[in-house]
Amino acid sequence: MAIVKVHEKYKWKFLEKNYFYSIGAGMLVTLGAFFKTGILNKAVTIRYPEETRPVSNRLRGLHTLKRDEEDRERCTACFCCQWSCPADAIHIEAAEVPPERAHLHPEDKYAKVFQVDLLRCIYCGLCEEACPKGAIYLDGGIPMPADHRDKFIRNKEDMLEEKGGPLIGERI
Amino acid sequence: MVKITVDGTEVLVNEKKNLIDALKDVGVSVPHFCYHPKLEVVGMCRLCMVEIGSAKVDPATKQIVKDQTGKPIVIFNPKMQAACNTPVTEGMYVNVNSEKAKAARAGVMEFQLINHPLDCPVCDKAGECALQDYSFSVGDSGSRFREHKRNHPVEKIGTNLRIVHNRCILCYRCVRFERDIVGRDDLELQERGNETVIGYTPLNASSGPLLDTNYQGALADLCPVGALLNENTLFQSRVWWYDAKQSICHGCSELCHVTTNVKDNELYRYMPPKNPEETNYFICDAGRFSVHEFSRNRLHAYLLKGHPGKSVDILPQVAENLLNASKVAIVGGSTLSNEEVDAIQLLVNEWRNSSKDVAWEFRTETPMWENRFAEKADFLMMVDRRPNSKKLLDSKAVSIGERKGWEEYLSQVDLIIVLNEFSAPYAFDATRGIENSELYKLFEQKDLWKKTILVSTHESAATKKALASLPVKAFPEMEATYTRHDGQIRKSIPVLKPVKGLKTASEVLASLSGKAELARR
């Protein structure tokens with residue numbers, strides 16, 4: 001029985017040894033992509049996080065606190081969101097509205113402290129549903145990474161809108 | 001008992017009661033705001049409207065006319081009647097849940113809500129509010145009122161009470177309570193018609209600009225809406241978070257039954273009990289709001305000359321002191337439970353048998369020295385503010401007859417053990433401060449701190465000065481019985497979780513005695 005020396009039968013040729021064809025094929029793909037993105041401007045990727053993709057308006061993302069038409073805070077610290085939160089992510093401390101803040105609040109009770117712990121939050125949207133005043137919505141986009149746990153606790157200043165507007169109502 | 005027919009069902013009810021109470025006994029609840037079993041009936045809210053009727057009687061034969069099926073023909077009055085103001089009579093026909101009655105109640109609710117702002121999210125009453133409950137159960141979902149709602153600013157009318165006029169439905173309960181129960185007659189309806197508000201009218205020059213009764217919490221309780229609110233619990237929590245249990249109040253030897261409101265292992269307030277008919281309808285502010293103190297300034301460490309240390313180090317030293325003392329005085333104890341008092345009494349007898357001169361006196365304040373234990377400060381609260389004075393009185397824990405002799409005795413003894421007399425929620429309110437109590441002044445004056453061992457639930461100026469301070473469990477942390485001023489024994493249940501390792505006063509003293517024996521061997 002003759003011995004078949006497979007390694008000699010399939011021995012690579014000189015050009016194969018230098019990956020000539022493979023590199024060429026690879027370079028063709030690269031060149032194609034170079035022409036497509038660099039010359040023809042048809043890139044499919046974006047420069048995240050400087051650029052972001054448009055998200056669905058049904059996305060449940062970061063929390064925002066809303067203001068009403070007169071730029072007063074909608075939140076009246078009724079604790080409904082805190083109570084409905086299944087992950088115990090919301091912490092509220094209520095207080096009576098001091099006279100110097102009276103123009104910022106429609107009622108005499110306000111949330112002195114309003115914190116959302118993003119590491120606990122499961123983005124279920126129950127707070128949004130529970131809110132009787134339309135004050136909290138999860139429409140603030142996608143949460144960002146951070147290098148410290150404390151940075152995942154969002155305070156009122158981080159969430160509160162600058163300008164008010166009409167009630168958003170039900171999500172589309 | 002008389003027989004009446006409610007919604008077509010014959011029931012037997014007590015003829016001495018009015019319709020609301022009589023129907024409540026047979027399980028039919030008539031919605032109402034202004035009616036309260038302890039207050040005068042005024043019929044102001046008009047919510048308890050029911051149809052009242054009687055069987056048709058043939059004027060000639062004086063017989064009840066019956067239809068073909070043999071049932072009597074009932075003629076209902078065309079006008080609805082208020083159930084709170086209608087006595088029960090034999091053979092009465094009452095329709096509580098007929099279409100007409102439901103429509104009447106829905107109409108009344110619409111009127112009640114005309115000026116009510118419906119700001120339940122910010123209202124502290126939400127969750128225990130009669131208006132909220134009835135608005136859901138008997139009211140319509142909408143209102144036809146299109147005008148502007150009446151608007152009055154919030155007013156502070158009591159030292160611990162504010163009135164939100166917009167929420168008031170003018171049920172008159174607070175006015176009647178002040179007039180009939182407290183006996184001060186200083187709340188009034190002011191203005192007329194749509195502008196009517198409840199206002200505080202000081203009766204004479206000596207009463208201040210603010211209501212300062214001991215029953216401001218009861219006023220807020222009685223209010224069926226969120227018009228009267230207490231300021232010291234304002235916006236602190238929501239009603240539905242409270243863990244409610246039935247226990248008794250620690251505030252005085254009246255030992256009122258209460259509902260405890262606990263959240264996150266902190267007592268927020270006492271509320272009236274679940275079955276007020278069998279117990280008490282009202283509780284005073286002194287008991288109701290002093291419960292906050294059970295979660296504040298608690299003594300959780302063994303202190304030796306004001307410095308915290310380990311119990312294994314401090315207890316033997318204290319036991320050594322106790323062993324060497326031949327004359328010992330025990331002060332206080334009327335804040336302890338029956339079980340603790342019994343155990344301490346056994347200990348005292350043991351100490352006396354081992355040739356120690358032990359005197360026990362629980363009277364520390366003037367009213368106690370004057371033996372005014374069964375005297376009431378007002379219609380509810382006792383003059384003596386300790387829960388268990390009666391037990392101490394019965395167990396002969398009074399050693400020296402008069403105050404002066406006792407004070408001299410204290411300066412002669414080698415060791416004084418003070419049981420809870422310098423602890424905040426008992427006996428005096430924390431705002432007054434422990435430095436102003438009579439006992440503290442006596443200790444300062446005679447400089448008794450160096451030979452004083454404090455058994456205390458709370459940290460205070462006294463615990464820092466005493467030779468040693470031993471932490472113990474407080475009233476809401478243990479299951480125990482207490483003796484009321486009339487001898488009735490009432491039971492309290494644990495509603496707070498004590499810090500791990502905390503002992504009762506009798507256990508601490510018993511361990512002292514055990515350690516002393518160890519030292520002797």
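The stretch B:433-521 holds helices (runs of 4 or more DSSP H) entirely within its bounds, and those carrying 3 or more residues that are in the same structural domain as residue B:353 (by TED's automatic domain parsing) and among the aliphatic types (A, V, I, L, M) map to B:505-520. Note on the stretch B:52-72: residues that are modelled with pLDDT of 90 or more and in contact with a Lys or Arg (Cβ under 6 Å, 6 or more places away or on another chain) amount to 0.
Out of the stretch B:94-126, which residues are among the aliphatic types (A, V, I, L, M) and away from chain A (no Cβ under 14 Å)? Step through it out loud before you land on a result.
Within the stretch B:94-126, the subset among the aliphatic types (A, V, I, L, M) is B:94, B:96, B:101, B:103-104, B:106, B:108-109, B:113-114, B:118, B:122, B:126.
Residues satisfying the conditions are B:94, B:96, B:101, B:103, B:104, B:106, B:108, B:109, B:113, B:114.
Scanning the stretch B:174-195 for residues that are out of contact with any helix residue (DSSP H, G or I) (no Cβ under 8 Å at 6 or more places or on another chain) and under 19 Å from residue B:164 (Cβ atoms) returns B:175, B:190, B:191, B:194, B:195.
Step by step: first the residues of the stretch A:59-83, then only those that are within 22 Å of the chain's Cα centre (by Cα) and either within 14 Å of chain B (Cβ to nearest Cβ) or surrounded by fewer than 10 Cβ atoms within 10 Å (Cβ to Cβ) (or both), then the one that is nearest to residue A:136 (Cα to Cα). Which residue is that? Filtering the stretch A:59-83 for residues that are within 22 Å of the chain's Cα centre (by Cα) and either within 14 Å of chain B (Cβ to nearest Cβ) or surrounded by fewer than 10 Cβ atoms within 10 Å (Cβ to Cβ) (or both), the one nearest to residue A:136 (Cα to Cα) comes out as A:81.
Inspect the stretch A:27-50 for any residue being away from chain B (no Cβ under 14 Å), over 26 Å from residue A:143 (Cα atoms) and in contact with a Ser or Thr (Cβ under 9 Å, 6 or more places away or on another chain) and give the result as yes or no. Yes, the stretch A:27-50 has at least one match. Only residues that are of a type in the set (Phe, Trp, Tyr) and touching a residue at least 40 places away in the same chain (Cβ under 8 Å): list them for the stretch B:267-301, please. The answer is B:281, B:282, B:289, B:294. Does residue A:89 fit the bill of being more than 14 Å from chain B (Cβ to nearest Cβ), of a type in the set (Gly, Ala, Ser) and farther than 30 Å from residue B:123 by Cβ? Taking the combined requirement at face value, the residue does not satisfy it.
Summed over the stretch B:174-200, the residues that are over 27 Å from residue B:114 (Cα atoms) and either without any contact (Cβ under 8 Å) to a residue 24 or more places away in the chain or in contact with a Gly (Cβ under 7 Å, 6 or more places away or on another chain) (or both) give a count of 2.
Residue B:152 fulfils the conditions (1) more than 21 Å from residue B:36 (Cβ to Cβ); (2) in contact with an Asp or Glu (Cβ under 9 Å, 6 or more places away or on another chain); (3) assigned to a helix (DSSP H, G or I); (4) not aliphatic (A, V, I, L, M) except for a single criterion, (3).
In the stretch B:24-66, of all residues being part of a loop (DSSP other than H, G, I, E, B) and of a type in the set (Lys, Arg), the one that is farthest from residue B:86 (Cα to Cα) corresponds to B:62.
Taking residues in the stretch B:385-414 that are not assigned by TED's automatic domain parsing to the domain that holds residue B:425 and among the basic types (Lys, Arg), and partners anywhere that are surrounded by fewer than 18 Cβ atoms within 10 Å (Cβ to Cβ) and assigned to a loop (DSSP other than H, G, I, E, B), not one pair has Cβ atoms closer than 7 Å while being at least 6 places apart or on different chains.
Among the residues making up the stretch B:383-402, those that are buried (at least 24 other Cβ atoms within 10 Å of the Cβ) and not charged (D, E, K, R) are B:387, B:388, B:389, B:392. Does residue B:341 satisfy the criteria of being at pLDDT 90 or above, assigned to a strand (DSSP E or B) and under 17 Å from residue B:418 (Cβ atoms)? The answer is no for residue B:341. In the stretch A:139-154 there is no residue matching the filter, namely being within 14 Å of another protein chain (Cβ to nearest Cβ) and buried (at least 17 other Cβ atoms within 10 Å of the Cβ). Scan the stretch B:234-263 residue by residue and report those that are within 14 Å of chain A (Cβ to nearest Cβ) and in a loop (DSSP other than H, G, I, E, B). Scanning the stretch B:234-263 gives B:234, B:235, B:236, B:237, B:238, B:242.
Could you tell me which residue of the stretch A:108-136 is farthest from the other protein chains (Cβ to nearest Cβ), considering only residues that are touching a Ser or Thr at 6+ places or on another chain (Cβ under 7 Å), modelled with pLDDT of 90 or more and within 30 Å of residue B:163 (Cα to Cα)? Before you say what the answer is, go through the steps one by one.
So in the stretch A:108-136, the residues touching a Ser or Thr at 6+ places or on another chain (Cβ under 7 Å) come out as A:109-110, A:126-127, A:130, A:133.
Subset that is modelled with pLDDT of 90 or more: A:109-110, A:126-127, A:130.
Checking the rest, the ones that are also within 30 Å of residue B:163 (Cα to Cα) come to A:109-110, A:130.
Values: A:109: 4, A:110: 9, A:130: 10 Å.
Ranking the candidates gives A:130 first.
Just name the residue that is farthest from residue B:108 (Cα to Cα) out of those in the stretch B:155-183 that are part of a loop (DSSP other than H, G, I, E, B) and over 20 Å from the mean Cα position of the chain (by Cα). Checked the stretch B:155-183; the qualifying residue farthest from residue B:108 (Cα to Cα) is B:164. Inclusion of residue A:16 among residues that are surrounded by 13 or more Cβ atoms within 10 Å (Cβ to Cβ) and either free of Cβ contacts under 8 Å to residues at least 24 places away in the same chain or within 14 Å of another protein chain (Cβ to nearest Cβ) (or both) is not warranted. If you check B:330, B:344 for being within 18 Å of residue B:468 (Cα to Cα), in the same structural domain as residue B:481 (by TED's automatic domain parsing) and touching a residue at least 40 places away in the same chain (Cβ under 8 Å), only one passes: B:330.
Out of the residues in the stretch B:127-150 meeting the condition of being buried (at least 19 other Cβ atoms within 10 Å of the Cβ) and within 14 Å of another protein chain (Cβ to nearest Cβ), tell me which one is nearest to residue B:102 (Cα to Cα).
Of all residues in the stretch B:127-150, those buried (at least 19 other Cβ atoms within 10 Å of the Cβ) come to B:129, B:131-132, B:134-135, B:139.
Within this subset, residues satisfying the condition of being within 14 Å of another protein chain (Cβ to nearest Cβ) are B:129, B:132.
Values: B:129: 20, B:132: 17 Å.
Checked the stretch B:127-150; the qualifying residue nearest to residue B:102 (Cα to Cα) is B:132.
Looking only at the stretch B:74-102, residues that are assigned to a loop (DSSP other than H, G, I, E, B) and exposed (fewer than 12 other Cβ atoms within 10 Å of the Cβ) come to 4 in all.
The values are calculated or read from the model by the stated rules, or taken from the named source; none is laboratory data. What you see is a predicted model, and the numbers here were worked out from it, not measured in a lab. Note that we place each Cβ from the backbone using ideal geometry, even for glycine, and neighbour counts take in every protein chain shown.
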